[in-house]
Every structure is written in C-alpha cells, then in structure tokens.
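Report on the following structure.
The values are calculated or read from the model by the stated rules, or taken from the named source; none is laboratory data. From a predicted model like this one, the values you see are computed outputs, not experimental measurements. Counting neighbours? That spans all protein chains shown, and the Cβs are built from the backbone with ideal geometry, glycine included. Accessible surface areas use protein heavy atoms only, side chains included; no ligands, DNA or RNA. Shrake-Rupley method; radii C 1.70, N 1.55, O 1.52, S 1.80 Å.
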Amino acid sequence: MQARLFKHAMRVRGVAFSPDGSRLASSGFDGVRVWDLATGAELWAQPGFRLCVAFAPDGEAVLVGGTSGLLELRRATDGALVRTFATANHVQGVAFAGDGARAASIEISGQLTVWSVRDGRRLLDLAAQRGASRCSVALTADGARALTAGETMLQLWELASGRPAGPAILADADDVTAIALGPDGARALSGGAD
C-alpha cells in the first residue's frame, strides 16, 4: 500500500474515490477539492463549508453537500457547476444510485430526499431520521433502497413506498458518523464514536 498526503487547511468531513480509482474528492470546512491520485496534483477546488461528497458512477460528476442550503452537482474534470438542488438545511450525506440517474441527500434535520440528477426534480421526500444532529445516507446499487443513519439508529428504507424495509437497528456506537452498503445491498457497515 502506498501512502500520499492530500491536505486541506481545515477539517475534512468527506472523501470519495472516483469509480476508476484515478481521482479523489475531499470535502471539508474549507471547501471541496478533487485530486489526481497518480500525481498528487489538485485538479480543482471550490471554497465553502462542505460536509459531504460523492462521485457519480460514471466518474463524470461529483455531488457536494454543505451548509449553503444547496446541493451542488459539479463536473468532475474541472469543478464547473452543472446544477444546484435547493435544500432546507445543511446537507450531511450524499449518495448516487448505481445508474447515476438518481441521487440522495440527507439533511441535518433528518430529511431524506431522492433527486432526479438529469433535471433536479425531487422524487421523494422522507422524514428519515427525526431528532438526529448527524445523519448519513447510502443507496443500494439499484437505487431501490436507502440506508440512513442518525446518531445511534440505522434504518433501511424502501424508496418506492417511502416505508421502512424493517425495524430500525440500534448501532453499536454512540454517534454514527459513517455508513456503507455492500455491492449487493445485503450487508451494511457503520462506524462512529464508541
């Protein structure tokens, strides 16, 4: 394994590899940045308080959430703004469905929104994690389900109906800060402060 340092001036809150593994996106209190992993060069940066970032499945775009009340879709090659999505609160988590046609965001209020990436329409709004001060979201590859986390609770949602796919799960952490779904959607990981 090779180690390389990619620096922000302030705290980093999110990181994501491009699907082909050639680039890294990082988000933090001083903005979002995209890096070339082979050379270590910063390809572009956008200032602002950014909390989360995700690459589109084709690697052509990044979705960035933060405190601005806007979710931003940016071109991965140069950071050009493609589209904004209006949110009511700070966006704490973002994820793409495997087809790249839909994306999800979760706000500090626990509001889960599924978006049409092509035209920015809201496809679903759901009060997923009420009363949580920190939230995360992950989508299954087929985009049929979303896993949300809010502090100590995990919940899997059926997005077609907007209903829970089963009972909530109490996480083995005091504050869940990261979640992931396996490629087949059958397994989930969570991590946080113990």
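What to note about this one:
- Qualifying positions in segment 67-78 - crowded, with 18+ Cβ neighbours inside 10 Å and farther than 17 Å from GLY120 by Cα: ALA76
- Residue match in segment 127-137 (condition: touching a residue at least 24 places away in the same chain (Cβ under 8 Å), surrounded by fewer than 16 Cβ atoms within 10 Å (Cβ to Cβ) and closer than 16 Å to GLY65 by Cβ): yes
- Residue in segment 79-87 that is among the aliphatic types (A, V, I, L, M) and in contact with a Ser or Thr (Cβ under 9 Å, 6 or more places away or on another chain) present: no
- Members of segment 29-43 that are of a type outside the set (Asp, Glu), in contact with a strand residue (DSSP E or B) (Cβ under 6 Å, 6 or more places away or on another chain) and open to solvent by less than 50 Å² (accessible area, probe 1.4 Å): GLY31, VAL32, ARG33, VAL34, TRP35, LEU37
- The set of residues in segment 14-28 being assigned to a strand (DSSP E or B) and either open to solvent by 10 Å² or more (accessible area, probe 1.4 Å) or out of contact with any His (no Cβ under 6 Å at 6 or more places or on another chain) (or both) consists of GLY14, VAL15, ALA16, PHE17, ARG23, LEU24, ALA25, SER26, SER27.
- Scan of segment 47-65 for residues that are in contact (Cβ under 8 Å) with a residue 24 or more places away in the chain and either surrounded by 24 or more Cβ atoms within 10 Å (Cβ to Cβ) or aromatic (Phe, Trp, Tyr) (or both), ordered by number: ARG50, CYS52, VAL53, ALA54, PHE55, VAL62, LEU63, VAL64, GLY65
- Flag for GLN111 being open to solvent by 40 Å² or more (accessible area, probe 1.4 Å), among the polar types (S, T, N, Q) and either at pLDDT below 90 or in contact with a Leu (Cβ under 7 Å, 6 or more places away or on another chain) (or both): yes
- Looking across segment 151-194, the residues that are part of a loop (DSSP other than H, G, I, E, B), at pLDDT 85 or above and of a type in the set (A, V, I, L, M) come down to LEU159, ALA160, ALA165, ALA168.
- Taking every residue in segment 152-164 that is open to solvent by 50 Å² or more (accessible area, probe 1.4 Å) and pairing it with any residue that is among the β-branched types (Val, Ile, Thr) and part of a strand (DSSP E or B), at least 6 positions away or on another chain, the pairs with Cβ-Cβ distances below 9 Å are MET153/ILE169; MET153/VAL176.
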